[in-house]
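One structure below.
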Amino acid sequence: ITELKELFPKLTVEELMKELAKIPTKFDAENFSTHVVSSLLTNPLDHKSDNLMVTYDLNAQGGFQSLKIVGIDNDLAFSVTESAVHTMIYLLDQMNSTVHPNILQTFLHHQPEGIIFDWLIAVAEQNNLYLQR
C-alpha cells in the first residue's frame, strides 16, 4: 500500500482501496476492442499477463480515469500450427461488451492492408521511443 500511496498522493488509503476495486471497470473500451480484434486476427501465443502492461490516466481527484492495455514482447503471433487460445484478455469482463463502434467502423471501412500498415507504423514509432531512452 505504501508504494501505491506514493503513486496516488491525492487519495487517502480508504479512497485508494476503493479505486483499486474499480480497476476492472476502468479499461478503455476502444483500446480493449482493439486488442480483442487484433488478437483474433493474429493468434498471439504469448499474450499472457506479463506481456501485457497497463497505462492509466488519472482524474482530477487522483483516481483512475481510464486504463489502456499495452502489449509488450508479443513476438509469438500469427501461429498457424497452434489452435489453442493464448491471450488472457479473453478472461476479462469486458469480453461481455460489444466491439467499440470506432473499432467496428475502422474494421469494416478499411482495407486490411491499410490497417496492417498503420499498425506497423505505430510499432516502428513505439520502437523509436524505446531506442531514445
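The values are calculated or read from the model by the stated rules, or taken from the named source; none is laboratory data. Predicted model, so just to flag it, every value in this text is computed and none were measured. Note: ideal-geometry Cβ built from the backbone for every residue, glycine included; neighbour counts use all protein chains shown. Areas reflect the complete protein model, heavy atoms only, side chains present, ligands, DNA and RNA absent. Shrake-Rupley method; radii C 1.70, N 1.55, O 1.52, S 1.80 Å.
Give region 17-48 a look and list any residue that's open to solvent by 80 Å² or more (accessible area, probe 1.4 Å) and either hydroxyl-bearing (S, T, Y) or not in a helix (DSSP H, G or I) (or both), or say none.
Scanning region 17-48 gives T25, K48.
Among the residues that make up region 73-82, is at least one of them at pLDDT 85 or above and open to solvent by less than 100 Å² (accessible area, probe 1.4 Å)? Before you say what the answer is, go through the steps one by one.
Keep residues of region 73-82 that are at pLDDT 85 or above, which gives none.
No; the residues of region 73-82 include none that is at pLDDT 85 or above and open to solvent by less than 100 Å² (accessible area, probe 1.4 Å).
With A124, A77 as the choices, which residue is in a loop (DSSP other than H, G, I, E, B) and either in contact (Cβ under 8 Å) with a residue 60 or more places away in the chain or more than 30 Å from K10 (Cα to Cα) (or both)? Before you say what the answer is, go through the steps one by one.
On the way: A124 fails: in a loop (DSSP other than H, G, I, E, B).
Among A124, A77, only A77 is in a loop (DSSP other than H, G, I, E, B) and either in contact (Cβ under 8 Å) with a residue 60 or more places away in the chain or more than 30 Å from K10 (Cα to Cα) (or both).
Determine if region 95-118 includes at least one residue that is over 19 Å from the mean Cα position of the chain (by Cα), touching a residue at least 12 places away in the same chain (Cβ under 8 Å) and within 16 Å of V37 (Cα to Cα).
no
Tell me yes or no: at least one residue of region 53-67 is within 16 Å of A122 (Cβ to Cβ) and open to solvent by less than 50 Å² (accessible area, probe 1.4 Å).
In the first step, residues of region 53-67 are kept if they are within 16 Å of A122 (Cβ to Cβ); the result is 53, 55.
Checking the rest, the ones that are also open to solvent by less than 50 Å² (accessible area, probe 1.4 Å) come to none.
No, region 53-67 contains no residue that is within 16 Å of A122 (Cβ to Cβ) and open to solvent by less than 50 Å² (accessible area, probe 1.4 Å).
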